[in-house]
Structures are given as C-alpha cells and as structure tokens.
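> Below are the structure tokens for one structure; questions will follow.
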C-alpha cells in the first residue's frame, strides 16, 4: 500500500488528498479521458521544490520517496531512533510539510516529517550542511535506525525521484494479551459443592 502526502507529478492533473491512494504509481503518467474537456495546463513548480513525499510498506520493510522537478542531492545521518535525510532543495511544496504517520503499517518506520533548514557548520557530532530541506524519518525501535539504500531516477513523467529503501524491522510486533479461558459448560451446570463441615474443637486437658 502506498500512502500519498501531496499531489505528485503534473502529468496527473487531479490532485491527491492526504492519505488518499487511487492507484497512482510514482513516475507513471495517468491516462486521460479523451471525451472530457481538456484540462487547463498546470504551471510546473519552480526548481528546488519538494513536490511529493510518498511511503510504501513492503514485506515488513518500507520505501520512502521524494519527488522534485530536477535532480537533487540526498545525504543521511542517524540521530538516536531517527534518520535525518538532507535534501538539496529550497522549498516545501503543497502539503509536503504535513507529517506522514506510518505507525499502523507493517514496517519499521513510525513517521516522516519535513522542514526547511538553514546552513549549519560542522560540529563534533555531525558534518556541515547547506540550507535545504530536512526530512526526519522516525523508527519504531532505535535498534532498527540506519541509513537507507538510495536510488534515484528521472521517471517517464519527467519528474526526478529519490527512493529510500528500508529492510524489515528486527523488533517483532508486541504479542496480543491472552484471552481469559472460557468457562467449562459442564461445570456451569454442575451443582455447587457443599461447604466443608466445621472442625470440632479439641477437649481441654
């Protein structure tokens, strides 16, 4: 299942609401109804805009993708239970500032949130980076926090994508509490046991 956050490529004229999935695959131009009135052409977003954040749960793992109109650079670093992904882009597109909640999918990630950041100098704990967009990908378990396998491509829709792939999590899902044992039907019909007879006191010596 793919969770969509913002309207993807401009080859698909109908925008996608947050969390809505209507069968759109990243990079594919959607077929148009030739009998319908031609849609007004959309002006493409300026270069440097993050136009789409997407998520897909796959076989216990996950794939996150970022879309823009032109190539951009992706760098990663791990901070505790969070993977910080720096994108060399300059602005957030429509709805890409919204948090993506992935907790309820069978995958190691719990959520994604993107924000613009300024340039930062190198510190003891992290390298310097320029101004851009920082996407923070939180893991359900700190044991699974790691850098993703990255691939990039310019797809048939003319948009540029960066795909981040994550393996299955190492933490098994929490076991559901055991249900209380069902009462024995035969025991319910049986008469109640008679109370024990009181013990006679011992005679005094």
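None of the figures in this text is laboratory data; all of them are computed from the coordinates on show. What you see is a predicted model, and the numbers here were worked out from it, not measured in a lab. Note that we place each Cβ from the backbone using ideal geometry, even for glycine, and neighbour counts take in every protein chain shown.
> Using the 10 angstrom Cβ neighbour count as an exposure proxy, how do 110, 68 rank, fewest first?
Ascending number of Cβ neighbours within 10 Å: 110, 68.
> Between residue 81 and residue 101, what is the label-to-label distance in nm when each label sits 7 Å out along the Cα-to-Cβ direction?
According to this spin-label approximation, the distance is 1.7 nm.
> Let me ask something else about it. May I have the convex hull volume per residue, in Å³, for the Cα set of the range 44-123?
107 Å³
> With a 10 Å Cβ neighbour count serving as the proxy for reagent exposure, in which order, fewest first, do 144, 101 appear?
101, 144
> Oh, and also: Sketch the reach of a paramagnetic label on residue 134 as a point 7 Å from Cα along Cα-to-Cβ, and name the residues of the range 83-119 whose backbone nitrogen lies under 12 Å away.
83-87, 114-119
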